[in-house]
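First comes the structure, then the notes that go with it.
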Amino acid sequence: MKKKPAGIFKLFRSPSFRKIIADFFENKSRSFLVITSITIGVFAVGMIGTGYILLTQGMAASYADNFPANITITTDPFNKELVKMIARQDNIEYVEGRQTILLEARNPDETKWKKIYVTAIQDLADTQIKLLTPVDQSFVLKDKTIALLEDGNQELNAQLGQPLEIKLKDGTTQFLPVAGIVKDYTAGREIIFEKKRGYITAETLPYLHMPEHFTTLVIRISGDTYDQTHIHSIAASINKKVEQSGRSIYSSEIRGDADQPFSNYVLALGQIMLFIGLLVVILSSSLIINTMNALMAQHVRQIGIMKLIGGHRTRIILMYLSLVLIFGLISFLLSVPTGALGGFLMSYRNIAVLNGQLKTIRILPLFPKVIALQAFVAILIPLAAALVPILRGSKITVHKALNSQKISNGEQTDLLNRFLNRIDLKDLINKLSLRNTFRKKGRLALTLFALSLGGAMFIAVFNVQLVLLNQIDRIVSYNSADIVINTEKQQRIEKIDALVSSVGGVEYVEGWWTENAQLEVGGQTMSVSISAPPLDSPMVKKEVSVGRWVLPGEINTLAVNDAFYNAYPQLKPGDQITLEIDGRKNAWTVVGIYNYTGFDDKRAYTTPESLIHLNNDPLHTSSFQVVTREHDITYQQEKVDQIQALSDQHGIKLARIISIEKMLDNSIDKINLLIFILLLMAFLTGSVGSIGLSGTLSLNVLERNGEIGILRAIGAGDRTISKLVLQEGAIIGVISYILGVLLSFPVSRLLGTLVSNAIFSAPAELAITFKGYFYWLILMVVFSLAASLIPARSAARMTIRDVLAYE
């Protein structure tokens, strides 16, 4: 006698398994839509998880592997003797002296000079701190050569091995061959505002007519380089030694190996992607619920027959859960490699913007915890979403199942249907489309939820972009000049005013008094920039979040920015802080705190009397703010070049002249990175919503075979049947657009606050732009049309025989 197949083969030949496979292929478009929806959600999770891990690991590794300075001290000029003295202290692994000077450079075949910051390194060949990474090939930085930062060289356009002409402080020029193009993965905020940077050896300084000394100590400690307390204690000891050498400390910054300068942007990316990833998963689940509800309703008689011949409810539940499991497994297999590839491409494209470098060359980086999360999203969440419809559908009795009707009698008496019945539409198809839209209210609610949430997310992206730009505008509003000029020596205010005002297009020139002060807190010396504009200056937004602005005639009062909270968490108006200016310590009273969010740059405003009281000349200054007639970057840069040329003609040396729009342009790329990720994720949510709409319409067509058959029997053609489905999709699209607009307000507020807190450490005010609403309206039309076409075509292809045979 022939043996029966056992194990897995027996399972494959069982009636239950054959029914599961039959259900899977019964409606290929339905299965495709469900799998696509789950796949998008699982793909999003994989891309988000992989991308976040790659960005985090890459940025942390490229920062720590290049030995960043744990302590950076700016002080009076010093030589190698001070470096040797610091190196002998306890817990010091390596110390080096550096000096950064502002010069001008150009290619020999160009006429325009460009500002460049040149850093002299004590011993580049033997350096063990703040390492430079060659871009294309290794190099040796010899005496009288220069290495250029890659990002800034896009403006300089210097060629490897070719000479770069350098204008020196005394007006003479020298040539430095370009020895290498490099990346500095330990650089911080300084490369946001000025990327044109070069690196030379200390021996090259005399060639540039500069004294061979240093102004900055860069120190790497021994022991735990991630422990802030440990670094603080060493920094306090080193600061004391420097001061005992007779030098003033202008700034003392500490940073652990985990404190990558742009990690706040990665945090913002992580929060954005997590938030939107959860939305995509929720939207995918709504489609599964809709599909299983429709499938259970469609299989009512099959369930009744299975129960009639002895099928247990548990077995029926397991059969339909197995179908969902197949959907999930296929989605999982599709999403793991594509999600890994998407995460790699996203991080590869964006990590350079955050001054990092990927530490993997695998285009399919697989991380166990990401795969485990994808498995959870692909399998357990769909099963959980489908469980309630399956339990409800499997509970039906045999009698009720076998006596169910396919064509509803239409006698629905709820309030909504009574309202719809009162709407007088002359066209029967229009009336039928309207009533069919609201026939399955649960399914409609889930579809509207998916579409409206996708729309709200898409609209919120543009609102969040405006929120971020408003935050930047808030920062700029405390100095709304178009051009900032710093002269090397103090100049008579009237002279500079007359000179700069003679340039066409310059509308206003204002001299400000400024000082750099030192604030010592907990053994760390921090730099504080103090500005004293004329109290009637139109360039300063005199608004505070706490307290008030400084008043005329006051001495030693300050309106400080919110970065002071990092040093004094309990700071409030009336508190006093001690600042050191030019070696003298004085108590200053904080009268107000204003919002100047961003990096930990401590800035303060005071009265002109306060700085003039510190022996500043009331008629001379070295800081000038300029307002131009037009405010775009091209116009501002044109005025910068004209002012620079005019200053050279009159022998006035400028330490710095910069267009504010140029400065902002250098920092806006990181904001654009966030917007790109937001748009990508918003498109995914919109896609899932569109798939949900297509699935809903397809299910509606399947359930209305009898209705379509009757319409066919009374003479309805293909165009009429298609119109019925297309109008239903249009109605759902219009309703979802309205709901999406309403939902966009809380979503914009929530997402804007998440991003703003991550980047600027400050909550955001809701901002609205009509761009998002307009673009989503266009996409909604496209999505609704695309989602309706396949169901409409399926309905139009049904013959009377097909639809009536279904009954």
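The values are calculated or read from the model by the stated rules, or taken from the named source; none is laboratory data. Since the model is a prediction, treat every value here as computed from it, not as a measurement. Neighbour counts run over all protein chains shown; Cβ positions are idealised from the backbone, glycine included. Note: accessible area is taken over every heavy atom of the protein model, side chains too, but ligands, DNA and RNA are not part of it. Shrake-Rupley method; radii C 1.70, N 1.55, O 1.52, S 1.80 Å.
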key: Which listed residue is open to solvent by 60 Å² or more (accessible area, probe 1.4 Å), in a helix (DSSP H, G or I), more than 30 Å from Ile768 (Cβ to Cβ) and at pLDDT 85 or above, from Leu383, Leu373   = Leu373
message = Being in contact with a strand residue (DSSP E or B) (Cβ under 9 Å, 6 or more places away or on another chain) and either buried (at least 21 other Cβ atoms within 10 Å of the Cβ) or at pLDDT 85 or above (or both) is the requirement here; does Thr578 meet it?
response = yes
Test result for Val353, open to solvent by 10 Å² or more (accessible area, probe 1.4 Å), more than 30 Å from Pro68 (Cα to Cα) and out of contact with any Cys (no Cβ under 8 Å at 6 or more places or on another chain) = no
ask   = Can you find a residue in the stretch 97-112 that is surrounded by fewer than 21 Cβ atoms within 10 Å (Cβ to Cβ), charged (D, E, K, R) and either touching an Asp or Glu at 6+ places or on another chain (Cβ under 8 Å) or within 30 Å of Leu283 (Cα to Cα) (or both)?
value = yes
Hey, Gly454 on the phi > 0 side of the Ramachandran plot and either in contact with a Leu (Cβ under 6 Å, 6 or more places away or on another chain) or open to solvent by less than 50 Å² (accessible area, probe 1.4 Å) (or both) or not = no
query = Just a yes or no: is a residue in the stretch 555-572 open to solvent by less than 60 Å² (accessible area, probe 1.4 Å), more than 28 Å from the chain's Cα centre (by Cα), touching a residue at least 12 places away in the same chain (Cβ under 8 Å) and over 27 Å from Glu253 (Cα atoms)?
reply = no
message = With the requirement that a residue be outside any loop (DSSP other than H, G, I, E, B), charged (D, E, K, R) and closer than 20 Å to Ser477 by Cβ, what does the stretch 571-607 give you?
response = Lys602, Arg603
Tally, over the stretch 145-164, of residues that are surrounded by 17 or more Cβ atoms within 10 Å (Cβ to Cβ) and in contact with a Leu (Cβ under 8 Å, 6 or more places away or on another chain) = 7
task = Scan the stretch 177-195 for residues that are open to solvent by less than 10 Å² (accessible area, probe 1.4 Å) and in contact with a Gly (Cβ under 8 Å, 6 or more places away or on another chain) and jot them down.
result = Val178
inquiry  = Just checking, does the stretch 314-322 include any residue being modelled with pLDDT of 80 or more, surrounded by fewer than 19 Cβ atoms within 10 Å (Cβ to Cβ) and small (Gly, Ala, Ser)?
reply    = yes
ask   = Name the pairs: first residue in the stretch 196-223 and closer than 20 Å to Ile86 by Cβ and assigned to a loop (DSSP other than H, G, I, E, B), second residue open to solvent by less than 50 Å² (accessible area, probe 1.4 Å) and of a type outside the set (A, V, I, L, M, F, W, C), Cβ to Cβ under 7 Å, at least 6 apart or on different chains?
value = His213/Gln99; Gly223/His230
request  = Answer with yes or no whether Ser501 is of a type in the set (Ser, Thr, Tyr), touching a residue at least 12 places away in the same chain (Cβ under 8 Å) and surrounded by fewer than 21 Cβ atoms within 10 Å (Cβ to Cβ).
outcome  = no
note = Every listed condition ((1) within 24 Å of Val467 (Cα to Cα); (2) of a type in the set (A, V, I, L, M, F, W, C); (3) open to solvent by 20 Å² or more (accessible area, probe 1.4 Å)) holds for Leu674 save (3)
key: Residue among Asp482, Asp497 that alone is under 22 Å from Phe624 (Cα atoms), among the charged types (D, E, K, R) and more than 37 Å from the chain's Cα centre (by Cα)   = Asp497
query = Filtering the stretch 702-723 down to residues that are among the hydrophobic types (A, V, I, L, M, F, W, C) and at pLDDT below 70, which residue is nearest to Val45 (Cα to Cα)?
reply = Leu702
note = Matching residues in the stretch 56-78 (touching a Leu at 6+ places or on another chain (Cβ under 6 Å) and not hydrophobic (A, V, I, L, M, F, W, C)) number 2
request  = Please name all residue pairs, on different chains or six or more residues apart, with Cβ atoms under 9 Å, provided the first residue is in the stretch 64-93 and is at positive phi and the second residue is surrounded by fewer than 18 Cβ atoms within 10 Å (Cβ to Cβ) and assigned to a loop (DSSP other than H, G, I, E, B).
outcome  = Phe67/Thr127; Phe67/Gln128; Phe67/Leu131; Asn91/Ser222; Asn91/Gly223
inquiry  = Could you tell me how many of the residues in the stretch 213-270 are under 31 Å from the mean Cα position of the chain (by Cα) and among the aromatic types (Phe, Trp, Tyr)?
reply    = 3
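Residue-by-condition table, conditions (1) of a type in the set (Asp, Glu); (2) open to solvent by less than 50 Å² (accessible area, probe 1.4 Å); (3) part of a loop (DSSP other than H, G, I, E, B):
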position	(1), (2), (3)
Glu609	yes, no, no
Leu614	no, yes, yes
Asp617	yes, no, yes
Ser622	no, yes, no
Gln625	no, yes, no
Glu630	yes, no, yes
Glu638	yes, no, no
Asp641	yes, no, no
Leu646	no, yes, no
remark   = Per the list (1) open to solvent by less than 50 Å² (accessible area, probe 1.4 Å); (2) within 47 Å of the chain's Cα centre (by Cα), residue check on Pro337 breaks on (1)
message = Taking the criterion of being in contact with a Lys or Arg (Cβ under 6 Å, 6 or more places away or on another chain) and either assigned to a loop (DSSP other than H, G, I, E, B) or open to solvent by 40 Å² or more (accessible area, probe 1.4 Å) (or both), would at least one residue in the stretch 463-480 satisfy it?
response = yes
Candidate set from the stretch 286-313 (those that are open to solvent by 30 Å² or more (accessible area, probe 1.4 Å) and in a loop (DSSP other than H, G, I, E, B)); member that is modelled with the highest pLDDT = His312
task = Taking Ile8 as the residue in question, decide whether it is out of contact with any Pro (no Cβ under 8 Å at 6 or more places or on another chain), modelled with pLDDT of 75 or more and part of a helix (DSSP H, G or I).
result = no
request  = With the condition kept exactly as written, say whether any residue in the stretch 238-255 is buried (at least 22 other Cβ atoms within 10 Å of the Cβ), out of contact with any strand residue (DSSP E or B) (no Cβ under 7 Å at 6 or more places or on another chain) and modelled with pLDDT under 85.
outcome  = no
